[in-house]
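The values are calculated or read from the model by the stated rules, or taken from the named source; none is laboratory data. What you see is a predicted model, and the numbers here were worked out from it, not measured in a lab. Glycine gets a Cβ as well: all are built from the backbone with ideal geometry, and neighbour counts include every protein chain shown.
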Number of protein chains: 2
Amino acid sequence: MTRPLDPDLFAACDDARPMIRIGDKWTTKLVVCLRDGPRRFNELLRPLRGITPKVLTESLRAMERDGLVVRTAYAENPPRVEYALTPFGRTLLEPLAAICTWTAQHQSTLNEVRAAS
Amino acid sequence: MTRPLDPDLFAACDDARPMIRIGDKWTTKLVVCLRDGPRRFNELLRPLRGITPKVLTESLRAMERDGLVVRTAYAENPPRVEYALTPFGRTLLEPLAAICTWTAQHQSTLNEVRAAS
DNA sequence: GTAGCCAGTTTCGTTGAAGTAACCGGCACC
DNA sequence: GGTGCCGGTTACTTCAACGAAACTGGCTAC
């Protein structure tokens, strides 16, 4: 047999949360959307098909709290608000790219398997 | 400004689901647990601190449906059941390793930020 | 003066993952 | 014959994420 599993394998993780909070429906997609630079609220609404403004606000606020995103409001007219990845948020891009690649390669497989069952 | 966001950026994704279903609380951890070879039910219970047998069963069944995991029952005494990653499941290891590395490097940062707010 | 954009907020309801606790049959061990 | 392990199952509850729909206030453009 293989070595026994370390009982403390996940000791460093917050038990109450996923290993990393990239699994909720929107965070991953938002990071991808902000990859190329700052984006405005309504600009983000469109590609995230079906997200409601309420949920987008909540997601962005959560990412702001985690230091992944900065919100910048300009006192212009019409008002302009921009969201951008922080340097910390940018560190997520590389590992997420690996996930995106995997998804691109295997999503169809997954969909087939699910449809078949 | 940067190029406009492609409105169909996520057209290939199932709108009703996260980009990839690795974000629920346990799937990522389970893949890591199965990295080194097949594991038994009770062996998985321990490092996943606090998971209940019910939730472990549900998670494993979901991963089985998705073709990530195989369940093998041996007609022995005491009964033995082993869970192992399929070749398809193994393809997840590489991108997940990137996420694990990120988590290891930045979890403390994240915890500090969260504690401060 | 009415219509619309911008960046949201508010209220209410739904859904599904997760948790709690108890229970199961078969066997081994003492 | 009582206890405990093994791999679960069942019933019930809780909670956060998600969603639909309407609304806001300040401004501009027609």
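The residues of region B:91-117 that are among the aliphatic types (A, V, I, L, M) and more than 12 Å from residue B:32 (Cβ to Cβ), listed by number, are B:98, B:110, B:113, B:115, B:116.
Here's the yes/no breakdown for (1) away from every other protein chain (no Cβ under 11 Å); (2) free of Cβ contacts under 8 Å to residues at least 12 places away in the same chain; (3) within 16 Å of DNA strand C (Cβ to nearest atom):
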residue: B:66; (1), (2), (3): no, no, yes
residue: B:71; (1), (2), (3): yes, no, no
residue: B:74; (1), (2), (3): yes, yes, yes
residue: B:77; (1), (2), (3): yes, yes, yes
residue: B:95; (1), (2), (3): no, yes, no
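Give all pairs with beta carbons closer than 8 Å in which a residue from region A:32-50 that is among the acidic types (Asp, Glu) meets a residue that is assigned to a loop (DSSP other than H, G, I, E, B) and surrounded by 15 or more Cβ atoms within 10 Å (Cβ to Cβ); count only pairs at least 6 apart in sequence or on separate chains. Pairs found: A:43/B:5. Residues that are out of contact with any strand residue (DSSP E or B) (no Cβ under 8 Å at 6 or more places or on another chain) and more than 11 Å from chain A (Cβ to nearest Cβ) were ranked within region B:46-60; the one that is farthest from DNA strand D (Cβ to nearest atom) is B:59. Only one of the listed residues (A:65, A:80, A:90, A:61) is touching a Ser or Thr at 6+ places or on another chain (Cβ under 8 Å) and either at pLDDT 85 or above or within 20 Å of residue B:103 (Cα to Cα) (or both). That residue is A:65. Checking region B:40-54 against the condition returns no match, with no residue being surrounded by fewer than 16 Cβ atoms within 10 Å (Cβ to Cβ), assigned to a strand (DSSP E or B) and touching a Pro at 6+ places or on another chain (Cβ under 7 Å).
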